[in-house]
1. When only alpha-carbon atoms count, how far does the chain stretch along each of its three principal axes, as whole angstroms with the largest first?
2. Quick one: which of 60-67, 321-328 comes out on top by average Cβ neighbours within 10 Å, and what's the full order, highest first?
3. Out of the DSSP beta bridges found with both residues in segment 161-280, what percent are antiparallel (nearest 5)?
4. Using only the Cα atoms of segment 108-161, what do you get for the radius of gyration and for Dmax, in Å?
5. What percent does the relative contact order of segment 161-280 come to when contacts are Cα pairs within less than 8 Å and at least six residues apart?
6. With N set to the number of residues, divide the alpha-carbon radius of gyration of segment 4-146 by 2.2 N^0.38 Å and report two decimals.
7. Which part of segment 396-424 falls in the paramagnetic zone of residue 343, meaning amide N under 19 Å from the point 7 Å along Cα-to-beta-carbon?
8. Hey, what did the chain get for relative contact order, percent, Cα under 8 Å, at least 6 apart?
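Just so you know, all these numbers are worked out from the coordinates, no wet-lab data involved. Since this is a predicted model, take the numbers as computed values, not measurements. As a convention, Cβ positions derive from the backbone with ideal geometry for all residues, glycine included, and neighbour counts pool all protein chains shown.
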């Protein structure tokens, strides 16, 4: 009998623990690639999960990646292909032996094949579609007809369904005798004679109920149908909001056409979060696998926007040239005002963009949220106004300069919190992604208002 230590060691060597093993495999992989040793490469990757193998491939250089594919192509299966970052997927597909590629894509569910081919060039797309059996190819082509980023693209056509009048025993017999079930599924979808979904029965309920029990009597309370043309972000929100495991997808006639499972919905949630973070930073959909030119092309537009905002702030400063010339100390303090306003705006902006994405901000509570942010801005402004006012007096020995700093800090932090909340909300109202454009607008507001308030107050109180 294994003791606890032996059991833990056994678990560590299982595929489920492959993430921890993968981090130590890169040196072995590089050595195998350098020597062209297929056996060593295969043995090194044997215990790894497909996602971890995909991560290793992504970390390789273009040359080493090509060597990897040539050495490992006989073991290259579909799950690895579907896990690889889309930025390097085209290279991997072009390097793979056509027979290996064909065998790999045959192992995938229809939604995974769609995810694989939708961003490929037409030639590579046709190569993959031609590798599928006729029924699978038709299913994938039908999914590709739906709009991008819609539920139709996200769903899989392989659905386990049963008539609503069936009993548990009839369903169990059907499952045992059906050789074409999906590799993974969580529910049986009950349908009426017109193929309209009427409920979900979980496999747990099915297995724990007597054969005579009608399926209608054990359907789940949490049941949502998803229109095929619904935006995938809305789908992911529904899964998260209603704690769904899977949901049937319907066409315009309310007929069942597919099913979306939680793994696909969580991928969308992750992508939405990642997209928001990248857009807030002004780096678009960049990846560490991008070339220098691709990275520059993605970052250049937002750097140009930031340059324009900086010029606007400089124009404001130029209007107070005489004031600054008389009180050079103002030039020392201006970065503090701008930095505090920018940080406060970023905090408020981040909260607002995330709240919009999760639908925590609506027309019923937007007023309360804005009032709260104004209150936060005023309170934090007062705290730092007193602090900086005191520092200004001690540092420069001028009480009036301390008053200037204090008033400027109060105004800028209040405006920063207000702008950080209202600007993304307004952009969302006009159908503009708040994560995409909020940063540039908020930076402009805080810089311009901050410098204008500081230098104006200085001009009034110090001259």
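1. The principal-axis extents, from largest down, are 91, 62, 55 Å.
2. 60-67, 321-328
3. Of all bridge pairs located within segment 161-280, approximately 70 percent are antiparallel.
4. Answer for segment 108-161, Rg first and Dmax second: 10.5, 35 Å.
5. Numbers: 170 pairs, mean separation 27.1, N = 120.
Taking the mean separation of contacting Cα pairs over the length of segment 161-280, I get 23 percent.
6. 1.13
7. Answer for segment 396-424: 405-421.
8. 10 percent
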